[in-house]
């Protein structure tokens, strides 16, 4: 007996993959933008997929369950499946934007690319192309396509959808788990001190408040920066929990939440470090007086396109995509 719901899910994500590959095949013709290709295989109730830069000539289009590079999604697990659908829709949006930019930059009057009718591709105009690519306006246009966006969100997936947190404290009593929670909170807040100096990189903070005989932890994420750093305006993913609970299930849930936040915070630090050190194009500059890392014009365009906070939103695991 066929599983109609399962088949619909497979068909939907396959159509998204095919559309994504088609757009990126078009983008590859222009050369100056990064383009990507996704391959997949359904094995039992699981979907294995890979996404790589199409510049990699060794890319094997036949993804298998045994591949070390492939990522496994349980099609029956709505949290994982919805995450993949939403992520691929975001990638589709970015590819469509890159396609539109490529089409505009390929116009003859722009002077960057020359069309080769024999190969149906474009190549860099040897006389004007290299010079024009270095101009501020053009470099801003292509900056966000030069980032390994997929790699960024794969790391976020690991932090957000990790399922084995409880295994870390399986043999611990609630007192020991509570101590580990406190230690993770301290690390989260130490990392927050670094992240708040970098514009537009999301960060978590956990504030401990004393309410009567209870210690309550208040967690939130924000991207506020600069003048708003002490007067937060944009707060997301708020949650509260008791730090001194004696209920094992409650303590384990608190631990899972705090560890998820801690791992996400670590990923944000790595992301911030990689973007700050990026030279071509330069995305950040440091204010000598405040020591804050501020976005360049190219950086602002890039971060607006990335919209990382959208992927940190807790609702990402609850989105229910309609399957026709």
Some residue of the stretch 78-88 being over 28 Å from residue 272 (Cβ atoms) and modelled with pLDDT under 85: no
Might you check whether a residue that is in a helix (DSSP H, G or I), outside the structural domain of residue 275 (by TED's automatic domain parsing) and at pLDDT 80 or above occurs anywhere in the stretch 110-125? yes
If a residue must be in a helix (DSSP H, G or I) and on the phi > 0 side of the Ramachandran plot, how many such residues does the stretch 1-31 contain? 0
If you check every pair at least six apart or on different chains, which have Cβ atoms under 6 Å apart with a residue in the stretch 72-85 that is under 14 Å from residue 11 (Cα atoms) and in the same structural domain as residue 17 (by TED's automatic domain parsing) first and a residue that is assigned to a helix (DSSP H, G or I) and at pLDDT 90 or above second? 75/9
Out of the stretch 210-227, which residues are without any contact (Cβ under 8 Å) to a residue 24 or more places away in the chain, surrounded by 10 or more Cβ atoms within 10 Å (Cβ to Cβ) and part of a strand (DSSP E or B)? 218, 220, 222
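Here's the yes/no breakdown for (1) surrounded by fewer than 14 Cβ atoms within 10 Å (Cβ to Cβ); (2) modelled with pLDDT of 80 or more:
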position: 11; (1), (2): yes, yes
position: 18; (1), (2): yes, yes
position: 22; (1), (2): yes, yes
position: 27; (1), (2): no, yes
position: 38; (1), (2): no, yes
position: 54; (1), (2): no, no
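The values are calculated or read from the model by the stated rules, or taken from the named source; none is laboratory data. Predicted model, so just to flag it, every value in this text is computed and none were measured. Note that each Cβ is placed from the backbone with ideal geometry, even for glycine, and that neighbours are counted across all protein chains shown.
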